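Data first, discussion second: the structure below is written as structure tokens.
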Amino acid sequence: MKALALVFCLVSLPLTATAQIDPLKLADPFVGADGGGNTVPGAGVPFGFVSLSPDTANGETNGYDSASAITGFSFTHVTGTGGKSKYGNFKVTPTLGVLGVHNLAFPKSDETASPGYYAVTLNGIRSELTASRLTGLMRVTFPKGAQPGNLILDATSIITLRGEGQRATGAHVDVIDDHTISGWASFEGGWNPAPYKLYFYAVLDRPAATFGAWKASQGRLVQQAGKGGLDGEPQAKTQADKAALMVDYDTRQEFSNRLGAWASFDITQNPVVELKLGVSFISADKARANLEAEMPGWDFDAQKAKAEVQWRKALGQIEVSGGSDDQRRIFYTALYRSHTMPHDLTGENVWWQSSEPHYEDFYTLWDTFRTLHPLLTVIQPDAQRGMVRSLVDTYRHTGWLPDARIAGANGMTQGGSNGDVLVADAVVKNLGGFDVRTAYEAIRKDGEVESDQPLLQGRVLKDYLTLGYVPLTQARSASRTLEYTYDDFAISEVADHMGDKAVAETYRQRSRGWEKLWDDGLGCIRPRYPDGRGLENFSCAYDYPDKTTPWWEAPFYEGNSLQYSTYVPQDVPGLVKKVGGRDAFVAWLDRLFDAGHYNQGNEPDILAPWMYIDAGRPDRTAERVRHLLATQYGTGRAGLPGNDDAGAMSSWYVWSSMGLYPLAGKPLYYIGSPVFARSVIHLEGGKTFTVSAPKTSATNLYVQAARLNGKPIDRATLSHAELMAGGVLELDMGDKPSKWASGGQ
């Protein structure tokens, strides 16, 4: 990624008041698809569940990589994640000639994408994709000729990952007539291996010449021509034929087992075929209703335009000007990625009866609470309210507030109970619109009740409540301690809001538990045994996990102590004191960066470059953040520093490039060094907040003076109330550090 630094060495363009930017032309769905970003390049709408996207032979958790052949287009994906993925359901592959379902892998050409749209040519066949929240639409243009054009639907498809992810446990296909197919498939495994069942209803825009259902295994294909019964049984003359089609299909025994349907068309005169498909967790009838409600017609261009309207509205919540062309492209791409997950499945809650909004796929809530959800609180408050309401409703019906959740099941818990921070962030920022009392009950349970399934929900509390830290007798002991203490701070904030002063003080004291693991001699967090002894032969810079333990059992989860030691957002002044004061703290942070330990591609230390502000050195924050923006993010397909983690990495860029950064769980923002001459944030109620830095450039990165609504301020922080009141933050920029905000927080 370091080669991308050249992108940001350009001198910022002058601000022009008349410049009009179309964010849809700048946002690039391919950014992050490769290089470990694992983002999805296909078509969707903001927070939509359907993500109609290409899958490739060597795809990662996004189903995709740029180098290998495309195997088809499936309707559901997660984006920017690691692990064993999820979804990849109901893949449709267009082919020519004799029908076959094996070795469907085709080199691509003329690939293009924009928000809400994707297109590619495979074997001379042009496929265009667009989507709505619960439906997807394909327009397939076959080359004119004598051979038939085929659409092959695989009901059992998944993100394959060499067989290490999901498996189909059953499937069902109803070929209703020559232009209608419905069915379902059930799955288990993958990330958070709990089972799920998903239904579909698909319609073609014209009758197929031949059609039917198929079953395949390794080197074997059985076809059942014609339509089947509405009850899902195939039309067959003998029981043997019925058995051959096997409606209930299980791939746990043989991964190559698959079940689906096909439709073939005469393309000599009309080479264009359209297919639209709706999905539902409830039933095939509900999938049909979703299709009828969201895509009643057959105008592909009109549907694409509807998706673009949604994206233009979402991306228009922030308007930036100035900076370089590449910086604006990276910004709007990052803002686009900040609207992809979690998925809005309101009306699709098959897991319990509720009238509340329902969101699924908080895949990486342990990361998105840091930057993504604070961003949504500002620019998408209604969506964020729905997400908080959904999480609180999940607590009502499952007994726990998730730290992560996907496809109707809680888990897996990576560290703490970080839904607590998300709730606290909403409370202290007066987001409103949700049941605060039940939310308070939920986070109190996280802090007081031993988890029944600690890998999936809640916390391991017995030793923590006794010792004030998680000892080495527990997995991920040191990183869990840091997570737990910040979660406890979040609970204290909500308790204060609720007027429970004694509870607030108890949790505030617990939030200082990180100090119990601090080693003064080493200058970092050191894992400890229950008797207080530190881990033997310990190095602050030793990276976990190594191959001596399972991934989840190392003292630190995916990182080293230097990285995790910066994760004390509830008490940065206390951390400064522990290190030895402001100058020592600056040197301590410099060691993290200069020795190459800081990792932008993983979230535990992504607050670190902003913490110089607490030591009165906003100039160092400017230098570090500008360097990270320049070297870790780019316009290419490998343009992210690591997994996007459902928008966590992208939202970090959105905040940082505007010169602001949230302290999740606190109504506070750091003020940094904006890349753009002007950033206008559209707020609820028609207000706007503007960050104005007309002289900013690659060299003018230091704030010399600041004014908030015309009044000078000598602090590098902004309150949430100040932001939401609207107004203008003016920053005078220069090419040398100044004394501005040198007093720290």
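Got at least one residue in the range 271-281 being part of a helix (DSSP H, G or I) and either touching a residue at least 24 places away in the same chain (Cβ under 8 Å) or under 17 Å from SER127 (Cβ atoms) (or both)? No, that holds for no residue. Residues in the range 577-606 that are outside any loop (DSSP other than H, G, I, E, B) and touching a residue at least 60 places away in the same chain (Cβ under 8 Å) were compared, and the one that is surrounded by the fewest Cβ atoms within 10 Å (Cβ to Cβ) is ARG582. Restricting attention to the range 1-27, the residues being surrounded by fewer than 22 Cβ atoms within 10 Å (Cβ to Cβ) and either of a type outside the set (A, V, I, L, M, F, W, C) or modelled with pLDDT of 95 or more (or both) number 8.
Residues in the range 446-459 that are buried (at least 20 other Cβ atoms within 10 Å of the Cβ) and either among the β-branched types (Val, Ile, Thr) or in a helix (DSSP H, G or I) (or both): ASP446, GLY447. Here GLY685 passes the criteria (1) crowded, with 19+ Cβ neighbours inside 10 Å; (2) on the phi > 0 side of the Ramachandran plot; (3) assigned to a helix (DSSP H, G or I) except the one numbered (1). Taking the range 562-594 as the range and being β-branched (Val, Ile, Thr) and more than 19 Å from TYR542 (Cα to Cα) as the test, the residues that pass are VAL568, VAL572, VAL576, VAL579, VAL586.
Note on the range 379-417: residues that are crowded, with 24+ Cβ neighbours inside 10 Å and closer than 19 Å to ARG337 by Cβ amount to 4.
Regarding the range 662-681, can at least one residue be identified that is touching a helix residue (DSSP H, G or I) at 6+ places or on another chain (Cβ under 9 Å), polar (S, T, N, Q) and not in a loop (DSSP other than H, G, I, E, B)? Yes, the range 662-681 contains a residue that is touching a helix residue (DSSP H, G or I) at 6+ places or on another chain (Cβ under 9 Å), polar (S, T, N, Q) and not in a loop (DSSP other than H, G, I, E, B). Within the range 228-261, if we keep just the residues that are at pLDDT 90 or above and touching a Gly at 6+ places or on another chain (Cβ under 9 Å), the residue that is farthest from LEU151 (Cα to Cα) turns out to be LEU259. In the range 59-86, what residues are farther than 25 Å from GLU558 by Cα and either touching a residue at least 40 places away in the same chain (Cβ under 8 Å) or touching a Ser or Thr at 6+ places or on another chain (Cβ under 6 Å) (or both)? Within the range 59-86, SER66, SER68, ILE70, GLY72, PHE73, SER74, PHE75, THR76 meet the criteria. Exactly one residue out of PHE556, PHE593 is closer than 30 Å to HIS77 by Cα, more than 21 Å from the chain's Cα centre (by Cα), at pLDDT 95 or above and not hydroxyl-bearing (Ser, Thr, Tyr): that is PHE556.
Rundown of residues vs (1) under 30 Å from HIS77 (Cβ atoms); (2) surrounded by fewer than 24 Cβ atoms within 10 Å (Cβ to Cβ), yes/no style:
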position	(1), (2)
ALA608	no, yes
THR621	no, no
ARG626	no, yes
THR635	yes, yes
LEU640	yes, no
ALA646	yes, no
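In the condition set (1) over 15 Å from HIS343 (Cβ atoms); (2) among the aromatic types (Phe, Trp, Tyr); (3) in a strand (DSSP E or B), TYR64 is compliant with all but (3). Please work out which one of (1) hydroxyl-bearing (Ser, Thr, Tyr); (2) crowded, with 16+ Cβ neighbours inside 10 Å; (3) in a loop (DSSP other than H, G, I, E, B); (4) free of Cβ contacts under 8 Å to residues at least 60 places away in the same chain is the condition TYR557 fails and give its number. Of everything listed in (1) hydroxyl-bearing (Ser, Thr, Tyr); (2) crowded, with 16+ Cβ neighbours inside 10 Å; (3) in a loop (DSSP other than H, G, I, E, B); (4) free of Cβ contacts under 8 Å to residues at least 60 places away in the same chain, TYR557 misses just condition (4).
Residue by residue, here is whether (1) assigned by TED's automatic domain parsing to the domain that holds SER673; (2) within 22 Å of LEU52 (Cβ to Cβ); (3) of a type outside the set (S, T, N, Q) holds:
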{"residue": "LYS304", "(1), (2), (3)": "no, yes, yes"}
{"residue": "ASP326", "(1), (2), (3)": "yes, no, yes"}
{"residue": "HIS339", "(1), (2), (3)": "yes, yes, yes"}
{"residue": "GLN353", "(1), (2), (3)": "yes, no, no"}
{"residue": "ASP367", "(1), (2), (3)": "yes, no, yes"}
{"residue": "LEU372", "(1), (2), (3)": "yes, no, yes"}
{"residue": "GLN380", "(1), (2), (3)": "yes, no, no"}
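Listed by first and then second residue, the pairs with beta-carbon distance under 6 Å, at least 6 apart or on different chains, first residue in the range 385-414 and within 18 Å of LEU345 (Cα to Cα), second part of a loop (DSSP other than H, G, I, E, B) and among the small types (Gly, Ala, Ser), are ARG385/GLY433; ASP393/SER354; ALA409/ALA194.
Among the strands (runs of 3 or more DSSP E) confined to the range 141-198, the ones with at least 2 residues that are assigned by TED's automatic domain parsing to the domain that holds PHE281 and closer than 12 Å to TYR87 by Cα are located at 166-177, 180-189.
The values are calculated or read from the model by the stated rules, or taken from the named source; none is laboratory data. Keep in mind it's a predicted model, so treat the numbers as computed, not measured. Quick reminder, even Gly has a Cβ in these numbers, built from the backbone with ideal geometry, and neighbours come from all protein chains shown.
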